[in-house]
1. For residue 120, work out the one condition from (1) acidic (Asp, Glu); (2) open to solvent by 10 Å² or more (accessible area, probe 1.4 Å); (3) over 15 Å from residue 42 (Cα atoms) it doesn't fulfil.
2. I want to confirm something. Restricting to the range 57-85 and keeping residues that are in a helix (DSSP H, G or I) and of a type in the set (S, T, N, Q), which single residue is most open to solvent (accessible area, probe 1.4 Å)?
3. Residue by residue through the range 89-104, note down the ones that are part of a helix (DSSP H, G or I), surrounded by fewer than 19 Cβ atoms within 10 Å (Cβ to Cβ) and of a type in the set (A, V, I, L, M).
4. Is it the case that the range 33-40 has a residue that's in contact (Cβ under 8 Å) with a residue 60 or more places away in the chain, part of a helix (DSSP H, G or I) and surrounded by 20 or more Cβ atoms within 10 Å (Cβ to Cβ)?
5. On the given criteria, is residue 104 of a type outside the set (Gly, Ala, Ser) and within 17 Å of residue 149 (Cα to Cα)?
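The values are calculated or read from the model by the stated rules, or taken from the named source; none is laboratory data. What you see is a predicted model, and the numbers here were worked out from it, not measured in a lab. We place every Cβ from the backbone using ideal geometry, glycine too, and count neighbours over all the protein chains shown. Heavy atoms of the whole protein, side chains included, go into the accessibility calculation; ligands, DNA and RNA do not. Shrake-Rupley method; radii C 1.70, N 1.55, O 1.52, S 1.80 Å.
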Amino acid sequence: MSQSTAGKCLNLLALLLVIMPMLLSDLVAAEKLSSKDKGYMQDIARLGILQMEASELAIVKSSNGKVKEFARDLIKERHEITEQLKQLAQRKQTKLPDEPSLVQKARYGFLSSKDGADFDRSYAKTIGVSAQQDAVKLFSKTASRAEDPELKSFALQYLPALESHLQEARVLREDFVAQE
């Protein structure tokens, strides 16, 4: 073997030694995601879809300024969470659902059948408080039980904002209870 061929082989070997660990770490990261963790990610995605779709409906159907403002804030919050979740899912080679669950679709259907103050009250109760409680529980569970460190970190990152939004939802709901 000539000196230049040996040098080229050594360069190629050195390159492979640098690249292989990076390629293997990506494969291992994708394989490490347990079915439980995939489930958490899918549940987060489904709930986010429900909250965004119902909040978009609230912006159109509601005549209450506080409901519309809450809905806009919720859409903004969930959009950011969804974008980060999509990036995490891509890194973990996990497919996310593109629609809510059947139960969540039924919640949306129930809400969409309402009008006026009845709609506003139902939105504040079902999407504002109930769905936001579901989000806080889901993110808390994910933060404490997920096996993947990136997924845990993701859940911990957004948990304070979700808890804050839940408090806002409770105040919104109380406005409607006080009016009854």
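1. Exception for residue 120: condition (2).
2. If we filter the range 57-85 for residues that are in a helix (DSSP H, G or I), which is where we start, we get 57-61, 65-85.
Next cut, of a type in the set (S, T, N, Q) only: 82, 84.
Values: 82: 30, 84: 71 Å².
Ranking the candidates gives 84 first.
3. To start, the set of residues in the range 89-104 that are part of a helix (DSSP H, G or I) comprises 89-91, 102-104.
Keeping just the survivors that are surrounded by fewer than 19 Cβ atoms within 10 Å (Cβ to Cβ) gives 90-91, 102-103.
Hits for the range 89-104 are 102, 103.
4. Kept after step one, since they are in contact (Cβ under 8 Å) with a residue 60 or more places away in the chain, are these residues of the range 33-40: 33-34, 36-37, 40.
In the following step, the residues that additionally are part of a helix (DSSP H, G or I) were identified as 36-37, 40.
Okay, now just the ones that are also surrounded by 20 or more Cβ atoms within 10 Å (Cβ to Cβ), so 37, 40.
There is at least one residue in the range 33-40 that is in contact (Cβ under 8 Å) with a residue 60 or more places away in the chain, part of a helix (DSSP H, G or I) and surrounded by 20 or more Cβ atoms within 10 Å (Cβ to Cβ).
5. Values: of a type outside the set (Gly, Ala, Ser): yes; within 17 Å of residue 149 (Cα to Cα): no.
Answer is no for this residue.
Residues checked against (1) loosely packed, with under 14 Cβ neighbours inside 10 Å; (2) polar (S, T, N, Q); (3) free of Cβ contacts under 8 Å to residues at least 24 places away in the same chain; (4) not in a helix (DSSP H, G or I):
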site: 47; (1), (2), (3), (4): no, no, no, no
site: 55; (1), (2), (3), (4): no, yes, no, no
site: 87; (1), (2), (3), (4): yes, yes, yes, no
site: 106; (1), (2), (3), (4): yes, no, yes, no
site: 110; (1), (2), (3), (4): yes, no, yes, no
site: 125; (1), (2), (3), (4): no, no, no, no
site: 128; (1), (2), (3), (4): no, no, no, no
site: 137; (1), (2), (3), (4): yes, no, yes, no
site: 159; (1), (2), (3), (4): no, no, yes, no
